[in-house]
Amino acid sequence: MFLMNESSSTPRGRHGWLRRIEQLDPVADHQEILRITAGFEFPWDYQRSLEFALFRTYCVPTISALLRKTGEFEKRPQKRYDDTALLMAELVEHGYDSPRGTESLRMVNRMHAKYDIDNSDMLYVLSTFPFDPLDWIDRYGWRRLHPNERLASFHFYRAVGLRMGIKDIPASFEEFYRFKAEYEAEHFRYTEDNHMIGVYTRDLFCSWFPRPVRPAVRQGVYAMLDQSMRSAFGFPAAPGWMTGLAQGGLVARSTAVRLLPPRRRSSASRDPHNRTYPGYPIGYRPSDLGVDQDNGRS
């Protein structure tokens, strides 16, 4: 079992966890490495990057068409966001073959089984999980990632994909990254479905802030999207000053985080302020996620 006793094993010094990562094997120990990266070193960055990773998948017309058909993003975007985020966080925190990890994968597979989803779309969505956080942390993290962290991310999500029954997962980091880039170049294009799912997601992000500042948050969201995403959603570019402010703010945050002591407790799956599941994970099981509370259906 890869999990650590957090109170007794916290390395000393700001780069203590990095020294631990250097001692681990990115293949054999990929679960422990990813847990350190996502739960101890970059929990805030990891969560933000996965928000935009999921946002990115909605640029594929077949994916956004299915999401719009289900109506889930229109009716209850917050719940579906929380379900996905927490189920994936459970895998990172506890490991995909742990009791809670196995339960989480069962819920993920059950949710997907209700729909006819093309394997290539599933493979593309999977590819955003290992790579988008790496790209985000490279730009905005308080330190550069170690090569072991990059390889561990690939091996972790490849193992998750195999347990989800996804076929034809590339066998190397470079091949999978190339697949992701090529899939986006081929499939990202504007559709009305893309636009509407993009609007629902953008408005969800804005709803997390007080109403008076939501127009500014909307521009901030645009500032964080690259040109291919804005084109696929039909969103405008943010003013140059907003782009500079948003990205400069993230860099400034990383400078401040660099001065903090190492985290002693993993935040990978702890979200006490969760909007759908208050106090998570206290009192919850992964099987509570993805379930319609009014009728018990997943």
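Values quoted throughout were computed directly from the atomic coordinates according to the rules given, and no laboratory measurement underlies them. Because the structure is predicted, anything quoted here is derived from the model rather than measured. Note: ideal-geometry Cβ built from the backbone for every residue, glycine included; neighbour counts use all protein chains shown.
Relative to the current alpha-carbon distance between Ser172 and Phe209, full extension at 0.36 nm per residue lengthens the span by 9.3 nm. Per residue, the average separation of C-alpha pairs within less than 8 Å and at least 6 apart gives the stretch 15-189 a relative contact order of 36 percent. Ranking Gly95, Ile21, Tyr58 by Cα position along the charge dipole of the stretch 6-118, where only Lys, Arg, Asp and Glu carry charges on their C-beta atoms, puts Tyr58 farthest toward the positive end. With Cα atoms as the point set, the chain shows a radius of gyration and Dmax of 18.7, 53 Å.
Extension gain, Glu182-Gln47: 0.36 nm per intervening residue step, less the Cα-Cα distance, totals 46.1 nm. What's the longest piece of the chain with no exposed chymotrypsin sites (Phe, Trp or Tyr not before Pro), counting a site as exposed if DSSP puts it in a loop and it has at most 12 other beta carbons within 10 Å? Longest stretch, sites excluded: 1-114.
Simple rule: put +1 on each Lys or Arg Cβ and -1 on each Asp or Glu Cβ in the stretch 168-223, find the dipole, and look at Pro170, Phe188, Phe209; the Cα lying farthest toward the positive end is Phe209. Here the ratio of the Cα radius of gyration of the stretch 16-94 to 2.2 N^0.38 Å is 1.38. Dipole magnitude for the stretch 15-189: about 460 debye, using +1 per Lys or Arg Cβ and -1 per Asp or Glu Cβ, origin at the Cα centre.
What translational diffusion coefficient, to the nearest whole µm²/s, does the stretch 15-189 have by Stokes-Einstein, given a Kirkwood radius computed over alpha-carbon pairs, a temperature of 25 °C and 0.890 mPa s viscosity?
148 µm²/s
For the stretch 56-133, trypsin sites (Lys or Arg not before Pro) meeting the loop criterion (DSSP other than H, G, I, E, B) and having at most 13 other Cβ atoms within 10 Å: Lys114.
GNM, the chain, Cα, under 10 Å: largest mean-square fluctuation among Pro130, Pro43, Pro11? Maximum among the listed residues: Pro11. Looking at the stretch 162-214, the trypsin sites (Lys or Arg not before Pro) that sit in a DSSP loop and have at most 16 other Cβ atoms within 10 Å of their own Cβ are Lys167, Arg189. Within the chain, the selection of entire DSSP H helices by a Cα span of 15 Å or greater along the long axis and an average Kyte-Doolittle value of at least 0.5 returns 240-257. Across the chain, Cα pairs under 8 Å and at least six residues apart give a relative contact order of 32 percent. If the elastic network links every pair of Cα atoms under 10 Å, which of Gly244, Gly95, Gly220 fluctuates the most in the Gaussian network model of the chain? Comparing Gly244, Gly95, Gly220 in a Gaussian network model of the chain, the most mobile one is Gly244.
A simple spin-label model places pseudo-atoms 7 Å from Cα toward Cβ; at Glu22 and Arg189 they are separated by 4.9 nm.
Report the number of Lys pairs in the chain whose alpha-carbons are under 27 Å apart, with separation of 8 or more residues or on distinct chains. For the chain, the number of qualifying lysine pairs is 9. Note on the chain: GNM, Cα springs under 10 Å; of His155, His146, His195, the largest mean-square fluctuation is that of His146. In this Cβ point-charge picture (+1 for Lys and Arg, -1 for Asp and Glu), the chain has a dipole of about 1020 debye about its Cα centre.
Rounded to the nearest 20 debye, the dipole size of the stretch 94-201 about its Cα centre is 520 debye, using +1 on the Cβ of Lys and Arg and -1 on the Cβ of Asp and Glu.
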